[in-house]
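To keep things clear, I will list the structure first and then write my remarks on it.
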Amino acid sequence: MTNDAPRIRTRFAPSPTGYMHIGNLRTALYAYLFAKKNGGDFILRIEDTDAGRYTKGAVEIIYNTLRDVGLNYSEGPDVGGPCGPYVQSQRKNIYADYARKLIEQGGAYYCFCDKGRLQELHDGGAAKYDKHCLSLGKRETERKLAAGEPYVIRQNMPETGATTYTDLIFGDITIDNKDLEDNILIKSDGLPTYNFANVVDDHLMGITHVIRGIEYLSSTPKYNHLYRAFGWELPQYIHLQPIMKDAQHKLSKRRGDASYEDLLKQGYLKEAVINYIALLGWNPKSEREKFTPEELADAFSLAGISKSPSIFDEPKLRWLNAQYVKELPREEYRRLAAPWYEQSAAKNNRFDYGLLDNLLHTRTEAFSDIPRLLSFIDNFENYDLNLFANEKNKTDLNAARALLPELLALLKAVPETEWANAELYRATSAFAEAKALKKAALFWIMRIALSGTLSTPGGATELAELFGKSMTVERLEDSLARL
């Protein structure tokens, strides 16, 4: 970037529809990273002119989400700035003024066609509006306006030739002008459509790079006709491929796919979510996958943006989240895990949360796993005795019958003051060595006798430490009685 190049300005312009879709958050993230990497400005604008899609509280969700993940905007509705207002519904007069200028220049016209005529066009097979009202003379147009007839303002698109522009990801894009609709710019309620408002706002707010979804790739030429009609400089365009649920379906809240808030409620860390979202459509050109926000801004470049859709891979997110969880200070892990402990089988047993931390900290992928990981606590009753049989460890019911009485006697002899995983592991390992047993066989039998399940987050002596001496002895005696 040369010294005389304009300062880069990007924007995130969501509609307040109720939640932060993963795709929307990725758009915001890329716009933020691109601006930050280039020493530019990141702006928030609320596009709320579609009243039918407005959801109460949605604007606050947008503010809170961006703040929560550290996408700090330098201008926006709640922080102000030199280009406000930053809410489209508050800019109605601005759009009206520019629409009138466009009409005077021949780039737009009043359309008085009612729903009946438009339906007839559609039923007759018309692919787009037929420019009927463009042929109205000035006198007739003024008469209809004076009479108060409802109208919209349409863009006057050329019918011949082609329009070409350059996308920084996909290269040159050419669209035949005959395929471009005379879209509505100002609706009958006086509010603008996206087609008009985003162009006016991007120009007046000095947006240099427009980053948005690929669904706008083929419609961008009609926006460029507006820029040219006003004599404005075109921004640079960066269109992003969608995030897919699978090879055929986009992520969709309607199909139950998670929003940002949902992922947090499922026990994912915001740092991991942002890190993972960054990788959905961007490749850092290295084997590295874990980045701090500062490292993301430093590494981000348009060269890494993919031309292909990305698939949301929850196992990959879980793996990445686990890396972040392992690095949490113990106090922070406890703070985040405690509500999940309260939803688990550990609650009624009053287990020491410190012991739960020891057991689960390095084994937690998402905090919502905790109730499942601790479900073994309540799965002890009437378990299948065949679980003692393990071909790899060469154990069976007879081995359990033979070992459990001696193991029980050994553990009863361990003083309460020495009842800790390290001492329990030392004592049982010495017992196995003295009996010429494979430790794996002993620990398998001990773990089944304590938990009654194949899967536990930790080994036999870790479970014994968690349960305490009294409960451990009680469970071993109960298992021995069943045998």
Relative packing of 195-201, 79-85, which averages over residues the other C-beta atoms within 10 Å, highest first
195-201, 79-85
Per DSSP, loop GluC sites (Glu not before Pro) in segment 157-254 with at most 12 further Cβ within 10 Å:
E159, E233
As straight-line cross-link partners of K222, the qualifying lysines (C-alpha separation under 20 Å, not fewer than 8 residues apart within one chain) are K101, K128, K131, K178, K187
Residues with amide H under 5 Å from that of M244, placed H, sequence gap 5 or more
L251, S310, I311, F312
Rank Y194, Y63 by accessible area, highest first, at a 1.4 Å probe radius?
Y194, Y63
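Going by a ≥ b ≥ c, the root eigenvalues of the Cα gyration tensor, does segment 1-107 fall in the rounded group (a/c under 1.5), the prolate group (a/b larger than b/c) or the oblate group? Before the final figure, lay out each step's value.
Details: a/c = 2.10, a/b = 1.10, b/c = 1.90.
Judged from the Cα gyration tensor, segment 1-107 comes out oblate (a/c at least 1.5, b/c at or above a/b).
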Residues with amide H under 5 Å from that of H209, placed H, sequence gap 5 or more:
R9, Q236
Solvent-accessible area, 1.4 Å probe, carbon plus sulfur percent, for the chain:
49
Probe 1.4 Å - accessible area at M446, Å² to nearest ten:
0
What angle do you read, to the nearest 10 degrees and between 0 and 90, between the alpha-carbon axis of helix 439-451 and the longest principal axis of the chain?
70
At 1.4 Å probe size, put D257, D176 in order of accessible surface, largest to smallest.
D176, D257
So with the 1.4 Å probe, I'd like the accessible area per residue for segment 1-55, rounded to whole Å².
41
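Once a ≥ b ≥ c are taken as the square roots of the eigenvalues of the Cα gyration tensor of segment 82-202, is the result rounded (a/c under 1.5), prolate (a/b larger than b/c) or oblate (a/b not larger than b/c)? If you can, show how the numbers build up before the last one.
Details: a/c = 1.87, a/b = 1.11, b/c = 1.68.
Note, shape of segment 82-202 comes out oblate.
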Stokes-Einstein, Kirkwood over Cα pairs, segment 255-343, 25 °C, 0.890 mPa s; D in µm²/s equals 170
Give the residue list of trypsin sites (Lys or Arg not before Pro) in segment 321-354 that are DSSP loop and have at most 14 other beta-carbon atoms within 10 angstrom.
R350
Helix-only estimate, please: 222 nm mean residue ellipticity of the chain, summing -39500 (n - 2.57) across DSSP H runs of length 4 or more and dividing by its residues, to the nearest 500.
-13000 deg cm²/dmol
Total lysine pairs whose alpha carbons fall under 19 Å of each other in segment 384-483 (8 or more apart, or interchain):
8
Sorted by accessible area with a 1.4 angstrom probe, largest first, how do R363, R482, R447 fall?
R363, R482, R447
Karplus-derived HN-Hα couplings along segment 337-350 (A = 6.51, B = -1.76, C = 1.60, θ = phi - 60°), whole Hz, x at Gly and Pro:
7, 3, x, 6, 4, 5, 9, 10, 5, 5, 4, 6, 9, 6
From the phi of every residue in segment 49-61, what ³J(HN,Hα) in whole Hz does the Karplus formula 6.51 cos²θ - 1.76 cosθ + 1.60 yield, where θ is phi - 60° and glycine or proline is x?
7, 9, 4, x, 9, 5, 10, 4, x, 5, 5, 5, 4
Considering amide H positions built from the backbone, and no H for Pro or chain starts, which residues 5 or more places from V69, or on another chain, come under 5 Å of its amide H?
none
Name the GluC sites (Glu not before Pro) in segment 324-408 that are in a loop by DSSP and that have at most 13 other C-beta atoms within 10 Å, would you?
E327, E342, E381, E391
Placing +1 at every Lys and Arg Cβ and -1 at every Asp and Glu Cβ, with all other atoms neutral, what dipole size does segment 358-483 have around its Cα centre, in debye to the nearest 20?
400
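The values are calculated or read from the model by the stated rules, or taken from the named source; none is laboratory data. Since the model is a prediction, treat every value here as computed from it, not as a measurement. Glycine gets a Cβ as well: all are built from the backbone with ideal geometry, and neighbour counts include every protein chain shown. These area figures cover heavy atoms from the full protein model, side chains too; ligands, DNA and RNA do not enter into them. Shrake-Rupley method; radii C 1.70, N 1.55, O 1.52, S 1.80 Å.
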